Structure formats: structure tokens, C-alpha cells
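The structure appears below as C-alpha cells.
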Amino acid sequence: MSSIIKSPRGMNDVLPPDSAKWLYFENACRSLFERFGYLEVRTPVVEATELFARGIGEATDIVEKEMYTFPDRKERSLTMRPEMTAGCARAYIEHAIYKREPVTRWFYTGPMFRYERMQTGRYRQFYQVGVEAFGAAEPSVDAEQIAMCYALYSQLGVADLDVVVNSVGTGDDRQRYREALVTFLAPHREELCEDCRRRVDTNPLRVLDCKVPSCKLLVVDAPSILESLGETSRAHFDAVRRHLDGFEIPHRVDPRVVRGLDYYTATVFEILGASDNLGSQSTLVGGGRYDNLLERLGGPATPAVGFALGIERAILSLPGAPEEYLHGPLAYLAAHGAAARERALAIAQRLRVAGLRIEVEHRDVGLKAQFKRADKLGARYVVTLGDDELAAGEVKIRDMNRRQETAVKLRDLEGALKQRAHG
Ligand code: HAM
């Protein structure tokens, strides 16, 4: 026998019944985000490498070491998207959406790719749902997005959410902070990991989100970025917090949350989950404002804010087992006898085309086995067809919960099932 082929490391199959939980979650996102005025956008999975280098920042972990980059057949450098914000900004500029409307609100869902060290909740192909709002500079938009995301997890029964907010200010604020941080880090250079020693010179803010324990310990005493904020940034941050209070969203401030992407300005936020299933990857959501990104990508100056959440982590936090999210067929057609089975197949075809979810047995198995299968699939009704019943133009509908049986004329079956589907 030849050897089996496995999926690439860190890239997973989503199989039933788990896929039912995914659909449930994605539908909840869609339904909620649309209520807030976000419309779906779909962009390519692959983009020009330069988009991410310029958008996310050359000196970030993602761009330095996590991208799946390859030359196409014409030697153009392409990259499997590690995130969607840069792609959305590119599409917004390319299609000159700013000429059509003052504020644009998009949401998306799809696979992202990062060459990361695999662990529970961290994969190389993972799925995000995210939103981006272009054109609005108001702090109420930042707060509204946080509140929307909080509502999503709350309504799905995910308990103990920890909403963490911070501000990384304007470019000038960050420059001031960078200097303060480098002054703090310089005497401790030897205690930093090799990457962070380099980061002190290239991108000192990235030291704050280093995962190495010695670096984490060191930055506990680092100066707070909030002390470097100018008046405008301070006022924006205060307003975001005031709106969060208005929306009744419990939250806390953590000046060390600076996020791993370079495009952020002003507000940044994360929502952490408490489920043990998450392992060490408790960040469910990450987002923030990126008022300079569009200009950096050659577009007009446009304020923007957004967030993305990891679907795998959301699934790990959802209460209940995957089977509970699986909905069985409305009816299972159980046939008794060869002629009845042929008729059952034709009836199933008609009912399915008429819009009903019907299961039918193709194999030659007895009634008892068919009832067992109907039960396993969670069918609400079993319709029994025997040769005798068919000769009389009648079938029996059995309610699997109430354990009651009703005889109906075959010609009335569609109506009877539709009535039960809506009842
Ligand atoms: P991010 O923090 O890199 O932000 O990712 C957002 C979320 O995606 C994380 O909180 C996590 O739930 C999930 N995630 C990230 N990496 C992985 C991974 N390797 N495996 C599983 N899940 C993962 C962004 O991507 C920004 N584009 C968010 C944003 C949108 N900011 C503004 N607009």
C-alpha cells in the first residue's frame, strides 16, 4: 500500500460535526455585523508581497518571518495573506470607494496564513472574521466596534470576556515613547532575547509583545505609552472609554498592549477569553485604529478602524459539544420492500426540490435499521412507506419526539411536512 498523504503542518481539516459549529458561529457574525451596517467584502487570498511589507511593516514578526511568500511564473513576488486589513485597504483604494460614500463598512471571513509555531489555538492556516470601517475618525466608531464584538461573544454564551484597551497615539507620540522606551531598555540589553536586542534598534515597540519570558518580565516596569500621548490622542482615548461606559462594556486599560502590526494609530484593543480550551492562546479578538495606512499605501488620507477574530479560537470557547449545533433532517423516509424503496427515492427527490430537508436510505436494509439511522441523524419525523401503504396511496408520519403516528395521503405528504416544518 502506498503511504498516506497528510495535510501540511498547522493546516487543519474541519469535519462534521465540528463544521456545524463553524457555520453557527459564522452565521451569528454575519447576522450581527449586518445589523451594524457592515457589508461583506471578498478579496484575493494572495496579494503582492509589497502590500504586506508596506502595510503591516517590515520590522514585524509577520513580515520578517511568518509569511508564505513565493514567486509566480513571471517572478512577481506574491504572498498568501497573513491578515485582511491590508487587502481591504488596497481594495478600498483601488476601487476609489472614497469617491462613492463618506463612510464604508466592510466585513469578511476567510483563511489567513502565517508560518507560526503550532500549538492549540495557533495554526499556520487559520480563519478570521473581521470588520473594517473607512472614513470615520470619531472615537464612537472604535467603541461601537468593541461593543459589537462584545455582544457577539456574549450572545453566544462565551463567559468572562476581558476587554483590554490602550492607545498607541500619533506618529509623534510614538516617537516620544520610542525614545523613552529605548532609554529604559538600553541598560538591560543583555537580558533581552536575541530578537529583542535587534528590535531595540529597528522597532522597540515590538519588545512589548515579545513572548520570551525574560523579555516579558523586563517590560513589566517599562514606561507607559499613555504618558507619551499628546492632547489629541488623550482626548480620543478618553472619549472611546466614555462611549464604552455608555454602551455598558466592562473594560480595562493595559498600556503594554501595542499589538504586533505597525499600522496602528490611537486606539488598540484586544478581547481575551477565559476558556481552558484556549491553552495559552487566549486572545479572541485584536483590532484598532489605523489612520495612516491608506496614505501609506498610496491612497488619500482616510481614517479607519477595525478588528479581526480567530474562528478556531471562537470555536474552542463556544459552550456545548459540536453535535448540539448539528440539525438533523426534517424527515427520514423509511421504505419497506423493493418497490417502496424505489418510490421513496422519487418522493425524496420531489420533497427536496420543494425545499424540505429529507433523508432517504439507498441501501437495502430493514425497517429497524432505518429507524435507528433516523434516530442517529436526529430526524424529527420518520415517514414509513410499505408496498401495501403505497398501493393504498397512504404513508405514515411518525413524530420521533412525541412517539405518535399519523396516516396521511401520499398526495398530501408535502403539505403535511411543510406544516410540521413551520409548526
Ligand atoms: P491579529 O491580532 O494578528 O490582528 O489577529 C486577530 C486574531 O486572529 C487574533 O486575536 C486571533 O484570534 C487570530 N489569530 C491570529 N493569528 C492566529 C494563528 N496563527 N492561529 C489562529 N488564530 C490566529 C489582525 O490580523 C488585524 N488584521 C486585525 C485588525 C483588523 N486590525 C484592524 N483591523
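At-a-glance table
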| quantity | calculated |
| --- | --- |
| For the stretch 244-334, the fraction of alpha-carbon pairs in successive 5 Å shells from zero, as % | 3, 10, 15, 16, 15, 12, 9, 7, 5, 4, 2, 1, 1 |
| Model label zone, residue 154; criterion: amide N under 17 Å from point 7 Å along Cα-to-beta-carbon; scope the stretch 219-242 | 241-242 |
| Residues of type lysines that residue 376 reaches as a straight line, Cα spacing below 19 Å, ignoring anything fewer than 8 places off in the same chain | 21, 368 |
| Spin-label proximity, residue 201 to the stretch 250-272 - amide N less than 11 Å from point 7 Å beyond Cα toward beta carbon | none |
| The stretch 302-414, accessible area per residue, ligands and nucleic acids excluded (1.4 Å, Å²) | 52 Å² |
| Two-site label geometry, residue 9 and residue 232: point separation in nm, points 7 Å out along Cα→Cβ | 4.6 nm |
| Cross-link partners of residue 65 among lysines (Cα-Cα below 23 Å; sequence separation of 8 or more within a chain) | 211, 216 |
| Anisotropy class of the stretch 66-135 from Cα gyration tensor, a/c 1.5 cut | oblate |
| Computed E for residue 422/residue 242 - FRET, C-beta separation, R0 41 angstrom, nearest 0.05 | 0.35 |
| Spread of Cα-to-Cα distances over 5 Å intervals beginning at zero, given as percent, for the stretch 1-148 | 2, 8, 15, 17, 19, 17, 13, 6, 3, 1, 1, 0, 0 |
| The stretch 71-197: C-alpha gyration tensor shape, a/c 1.5 cut-off, then a/b vs b/c | rounded |
| Dipole moment magnitude, nearest 20 debye, the chain about Cα centre, only Lys, Arg, Asp, Glu C-beta charged | 1320 debye |
| Accessible-area composition of the chain, carbon plus sulfur, in percent [1.4 Å probe] | 50 percent |
| Accessible surface, the stretch 1-89, averaged per residue in Å² (probe 1.4 Å) | 60 Å² |
| Whole-angstrom Cα spans of the stretch 286-410 along principal axes, big to small | 76, 30, 25 |
| Projected label distance in nm at residue 216 and residue 100, using a 7 Å step from Cα toward the beta-carbon | 4.5 nm |
| Projected-area mean, the chain, by convex hull of Cα positions, square nanometres | 27.9 nm² |
| Net charge dipole size for the stretch 155-202 [Lys, Arg +1 and Asp, Glu -1 on Cβ; Debye, nearest 20] | 200 debye |
| Whole-number accessible area per residue in Å² for the stretch 124-227, which is evaluated in the context of all protein chains at 1.4 Å | 42 Å² |
| Label-point separation in nm, residue 377 to residue 352, each point 7 Å along Cα→Cβ | 0.9 nm |
| Cα-based Rg / Dmax (Å) for the stretch 343-386 | 10.4, 28 |
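The values are calculated or read from the model by the stated rules, or taken from the named source; none is laboratory data. Just so it is clear, the model here is predicted, and its values are computed rather than measured. Neighbour counts run over all protein chains shown; Cβ positions are idealised from the backbone, glycine included. Accessible surface is based on the protein model in full, side chains and every heavy atom, while ligands, DNA and RNA are left aside. Shrake-Rupley method; radii C 1.70, N 1.55, O 1.52, S 1.80 Å.
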